[in-house]
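Colleague: Starting off with a structure, shown below.
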Amino acid sequence: DRDRSLARISDLIRQRLQPDQRSAWRHQSSLDFAVRYQDLVKSLPRDRRLWKYNNNAMKPYRDQLDAMSRNYLMRCKPEELGEFKQLLTQETRFREALYGSGTKEANRAQDYTDNKLHELYARMGNSILKDISAYRSEQEAVSQTHHQPSVANHLNGLQKIFNADIKGQRLAKRE
C-alpha cells in the first residue's frame, strides 16, 4: 500500500500538479500573476544557461518563482494540492514511527516532506523558466523581423546601388 502512496506522490509532483499546457504560465487570467510574470521576465539574467531553478544564480528569484507556483496551485489545482499534502502528512507520520523522535532523528521524518516540497517547487520553477525562455525567444524573433532588414533585403539593396552605379558609368562613357 505504501508503494501506491509513494507512486501517487511522485505522479502528483511530476504530472498532476504541473500546468496542462506548455504555455499555461503566460496565459494565466490573474492580474497579480501577470504582473509577477512580467517582473520576472524583465529581471532574469540575459544568459539563459543559468535559468535552472537549483542553479545558485537563480537564488534571488526563487521566492518569486515559489510564490507564482503557490498562486497557481491554490487557484488551479486545489484538489490535487490537498491530496498531495495529505499523502505527505501520512508519509511523514509513517517515517516518524519508523525513525522515532529522538534528538538525532527529530527532523528526519520532516526532511522527506521538505525534500518533496522542494522537488515540486523546483519542477514548477523550471516550468516557469522554460515558458519565459520561449516567450523571450518569440519576442526577440518579432523584434528582429520588424526592426532589422534581413540579409536578403540588404543584399538586394546593395545590388540596386551597384547596378545604378554601373549604369551611371556606362552613361558617362557614352558622353
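The values are calculated or read from the model by the stated rules, or taken from the named source; none is laboratory data. Quick caveat, the model's predicted, so the values are computed rather than measured. Here the Cβ is made from the backbone with ideal geometry for all residues, glycine too, and neighbour counts use every protein chain on show.
Colleague: Looking only at segment 47-62, how many residues end up being of a type in the set (Lys, Arg) and either in contact with a Pro (Cβ under 8 Å, 6 or more places away or on another chain) or assigned to a loop (DSSP other than H, G, I, E, B) (or both)?
Modeller: 1
Colleague: Additional query: If you check every pair at least six apart or on different chains, which have Cβ atoms under 9 Å apart with a residue in segment 36-58 that is on the phi < 0 side of the Ramachandran plot and without any contact (Cβ under 8 Å) to a residue 40 or more places away in the chain first and a residue that is aromatic (Phe, Trp, Tyr) and not in a helix (DSSP H, G or I) second?
Modeller: Pro45/Trp51; Ala57/Trp51
Colleague: Is it true that Asp32 is loosely packed, with under 13 Cβ neighbours inside 10 Å, assigned to a helix (DSSP H, G or I) and either of a type in the set (Val, Ile, Thr) or modelled with pLDDT of 85 or more (or both)?
Modeller: The answer is no for Asp32.
Colleague: Take segment 113-135 and flag every residue that is closer than 15 Å to Ile9 by Cα and either at pLDDT below 90 or among the acidic types (Asp, Glu) (or both).
Modeller: Passing the criteria: Asp114, Glu119.
Colleague: Would it be correct to say that Arg16 is modelled with pLDDT of 90 or more, over 22 Å from Ser137 (Cβ atoms) and basic (Lys, Arg)?
Modeller: So Arg16 fails the test.
Colleague: Somewhere in segment 38-46, is a residue more than 27 Å from Ile132 (Cβ to Cβ) and of a type outside the set (Lys, Arg)?
Modeller: Scanning segment 38-46 turns up no residue that is more than 27 Å from Ile132 (Cβ to Cβ) and of a type outside the set (Lys, Arg).
Colleague: Oh, and also: Does Glu105 satisfy the criteria of being loosely packed, with under 15 Cβ neighbours inside 10 Å, more than 29 Å from Lys59 (Cβ to Cβ), of a type in the set (Asp, Glu) and at pLDDT below 85?
Modeller: yes
Colleague: Among (1) in contact (Cβ under 8 Å) with a residue 60 or more places away in the chain; (2) under 17 Å from the mean Cα position of the chain (by Cα), where does Glu91 come up short?
Modeller: So Glu91 meets the others, but not (2).
Colleague: So, one more: Please go through (1) aliphatic (A, V, I, L, M); (2) closer than 14 Å to Ile128 by Cα; (3) modelled with pLDDT of 90 or more for Ala7 and return the number of the only condition it doesn't satisfy.
Modeller: The failed condition is (2).
Colleague: Taking the stated definitions as given, is Leu98 loosely packed, with under 11 Cβ neighbours inside 10 Å, part of a helix (DSSP H, G or I) and at pLDDT below 75?
Modeller: no
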